[in-house]
Each structure stands twice: as C-alpha cells, then as structure tokens.
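Single-structure report; data block below.
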C-alpha cells in the first residue's frame, strides 16, 4: 500500500506558525504518513545551525537579516511578541503543561525521518549556504522538485 | 522476544504518537510494546494507526478509569 503523504511549505519563521507546522508534520509522520517540509524565506530560520542571532549569510544585507531574524531560539510570535517576551511565556507554558516545545518538535521530526528540504531560490536571496543549515536537511531543491515530491498527497502552506 | 513499556498518560498530541512511533520502530519482529494511555484521542488513534502500519494489536484493556493498556506486537 502506498503511504499517505503530507507536504508542508514552511514559509513563516514565526514561533507559533513553526510550532503548528512541526506539530502537524510529526503527528502525521508518527501515524504513518510520509512527510516532506519545504522551507522557504523566513521558514529557513527554523533549520539554521545557529539558533540565536548570528550574522549568517554572505553579503552585508543577508548578514543584517541574519542578525535581525536569527534562528529557532529567537523566533518571534506572529501576535503579542512583546519584543521577544511572548515566545518565552509560550515556552514556559508549554513546559509547565507538558506540551512539546518547538525545539523538541524539530528534534522529533529529525528522529522520525521527516524529509526536510531547503528552497534554493530563498537561500540565494538571503545569501545562505547548505552548511548554514542542520545536517538533517535532505536536499536543496526548487519548485519543480517540490511539486514532484508532493504529488498525490496533501499540501499545506504555513 | 522482549516486552517494552511506555507510559504516555502525561503527554499530549503530537508527542503521544511520536513516542509510540519511535518505540515501535525499535522493536524486532515478535517483540511487544505495552502502552499505557488515556481515553480519547490516544486510545482512538494509536491502535488504529499501529494496525495501519502493519503491527498487531494484541489487547486493549482499561486499567483504571480513563487509563488504558494497549499491547502492540511487531
């Protein structure tokens, strides 16, 4: 039997939207789905090796973006960010209520063998290289490859 | 053949499913995983998705009000 398939386009680098993307991805993978996540634009922040604010990227503007956007640890909330206090409150609530944190979900995604892909075009714009990302990234791909990978399954844009 | 135990009564979605899946992946043919879980989403979906992935559900029994034991064999 062909496994069910879920493909997620992770566009947002927001803490809450990434949490939603990784919750859906890990839940699907754990219940037998083949899962692909295609990280593009701000979504690429989720898979950077450096999780804090760091001048990652080649060129002045990409480095400034790297510092402003940062990585997973400094991902902002899409609402009520309050200069970075919002995500800290969320993380604290999640730990208190025994709900997986974003970092735990990313780790689970890697353990479950979810296929992670980085967008070639967004990487070029932001001056990022493959070495800037976690080693679990399966490949750097473009739109035609993503469409071929997601064919026959469900696709979500987050 | 070994029997492994997993308690996910304090976990929430998606970690309930994630922990079971990772534990199931570690089993060898003939091994059993005994999962203690709560009623509702985990009880409805863990036996179903394990069966869909080719595992055998040996038993489902209520251990205490709202807490169930599911035995899954590879």
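Sort out which residues of the range B:36-59 are within 26 Å of residue A:5 (Cα to Cα), in contact with a strand residue (DSSP E or B) (Cβ under 7 Å, 6 or more places away or on another chain) and either outside any helix (DSSP H, G or I) or away from chain A (no Cβ under 11 Å) (or both), and write them in order of number.
Across the range B:36-59, the qualifying residues are B:43, B:47, B:55, B:56, B:57.
Restricting the first member to the range B:1-27 and to residues that are at the interface with chain A (Cβ under 7 Å from one of its Cβ atoms) and without any contact (Cβ under 8 Å) to a residue 24 or more places away in the chain, and the second to residues that are part of a loop (DSSP other than H, G, I, E, B) and surrounded by fewer than 15 Cβ atoms within 10 Å (Cβ to Cβ), the beta-carbon pairs closer than 6 Å and six or more apart or on different chains are B:10/A:98.
Has the range A:136-143 got any residue that is out of contact with any strand residue (DSSP E or B) (no Cβ under 7 Å at 6 or more places or on another chain) and at pLDDT 95 or above? Scanning the range A:136-143 turns up at least one residue that is out of contact with any strand residue (DSSP E or B) (no Cβ under 7 Å at 6 or more places or on another chain) and at pLDDT 95 or above. Within the range A:23-68, the set of residues being surrounded by fewer than 22 Cβ atoms within 10 Å (Cβ to Cβ), touching a helix residue (DSSP H, G or I) at 6+ places or on another chain (Cβ under 9 Å), within 22 Å of residue A:87 (Cβ to Cβ) and within 14 Å of chain B (Cβ to nearest Cβ) comprises just one member, A:23.
Summed over the range B:1-17, the residues that are modelled with pLDDT under 95 and under 9 Å from the mean Cα position of the chain (by Cα) give a count of 0. For the range A:6-22, the tally of residues that are surrounded by fewer than 20 Cβ atoms within 10 Å (Cβ to Cβ) and within 14 Å of another protein chain (Cβ to nearest Cβ) stands at 1.
Every condition in (1) buried (at least 22 other Cβ atoms within 10 Å of the Cβ); (2) more than 14 Å from chain B (Cβ to nearest Cβ); (3) outside any helix (DSSP H, G or I); (4) modelled with pLDDT under 95 is met by residue A:77 except one, and the failing one is (1).
The values are calculated or read from the model by the stated rules, or taken from the named source; none is laboratory data. Keep in mind it's a predicted model, so treat the numbers as computed, not measured. All Cβ positions, glycine included, derive from the backbone under ideal geometry; neighbour counts span all protein chains shown.
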